[in-house]
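The values are calculated or read from the model by the stated rules, or taken from the named source; none is laboratory data. Because the structure is a prediction, the values reported are computed rather than measured. So basically every Cβ, Gly included, is an ideal-geometry build from the backbone, and we count neighbours across all protein chains shown. Side chains are part of the model used for accessible areas, which takes the heavy atoms of the whole protein and leaves out ligands, DNA and RNA. Shrake-Rupley method; radii C 1.70, N 1.55, O 1.52, S 1.80 Å.
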Amino acid sequence: MKIILLGAPGAGKGTQAEKICEKFNIPAISTGNIIREALRSGTEMGLKAKSYMDEGKLVPDEVVIGIIKERLAKEDCAGGFILDGFPRTIPQAEALDKMGIVIDKVVDIEVADDKIAARMSGRRVCEKCGASYHLEFKKPSVDGVCDACSGTLVQRKDDHPDTVLSRLEIYHKETEPLKSYYEAQNKLVIVEGQDEVADTTRLVFEALE
């Protein structure tokens, strides 16, 4: 099965990608991860991406698409895959179609912006070991101190309310139009994100049946 996961930053796509990966035994492909992998491997497209990143520029679509194409050509994708973080725009979706890749289902995980802002702004990460906590859902035993290594817990820049709202604005402008694009292809299924991860996973699996 070839699946695309849509959803705003903080909607829990990464966790659901892992669950789908386990159930269907197909690779979960995150754009960020495969760009890092291409950089490490020194592929042609990876080197092109590095040249833009070294200059502090966004990696252009044609390079991202080239990296995706390289990854999807690998043997482990023959039985299907999950794309998380690609496509982000209509032109990227059109490029995927032009590759001749037929997507079976596009799962959009819907979570209200205010819930996402509360989720993300409450996250805290250990400076020392990287363990993750939440001020509401997963509190450390001692405020501001990591249970695992006693390191200091900090709020990442990505989780600051202003950053979260900015990312959500970009998502609604650039990525949300993909819902209509895939709805027109009769591939879109919408899942309402739940407070409990297991409940969202159950709805995702039902949508994929």
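The figures follow:
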| item | result |
| --- | --- |
| Options Ile103, Ile90; residue that is within 24 Å of Thr200 (Cβ to Cβ) and not small (Gly, Ala, Ser) | Ile103 |
| In region 155-191, residue farthest from Ala131 (Cα to Cα) [restricted to those that are among the aliphatic types (A, V, I, L, M) and assigned to a helix (DSSP H, G or I)] | Leu178 |
| Given (1) closer than 28 Å to Leu208 by Cα; (2) open to solvent by less than 90 Å² (accessible area, probe 1.4 Å); (3) modelled with pLDDT under 95; (4) out of contact with any strand residue (DSSP E or B) (no Cβ under 8 Å at 6 or more places or on another chain), index of the condition Tyr181 fails | (3) |
| Close pairs (6 angstrom Cβ cut-off, 6 or more residues apart or separate chains): open to solvent by 50 Å² or more (accessible area, probe 1.4 Å) in region 122-133, in a strand (DSSP E or B) and polar (S, T, N, Q) anywhere | Glu127/Thr152 |
| Contacts under 6 angstrom Cβ, first residue in region 2-20 being closer than 16 Å to Thr89 by Cβ, partner of a type in the set (Val, Ile, Thr) and assigned to a strand (DSSP E or B), 6 or more apart | Ile4/Val106; Leu5/Val107; Gly7/Ile109 |
| Close pairs (8 angstrom Cβ cut-off, 6 or more residues apart or separate chains): more than 13 Å from Ile4 (Cα to Cα) in region 169-193, open to solvent by 60 Å² or more (accessible area, probe 1.4 Å) and basic (Lys, Arg) anywhere | Glu174/Arg88; Gly193/Lys115 |
| Unmet requirement for Pro140, which otherwise passes all of (1) open to solvent by 90 Å² or more (accessible area, probe 1.4 Å); (2) outside any helix (DSSP H, G or I) | (1) |
| Among the residues listed as Leu153, Leu168, the single one being within 26 Å of Leu83 (Cα to Cα) and open to solvent by less than 30 Å² (accessible area, probe 1.4 Å) | Leu168 |
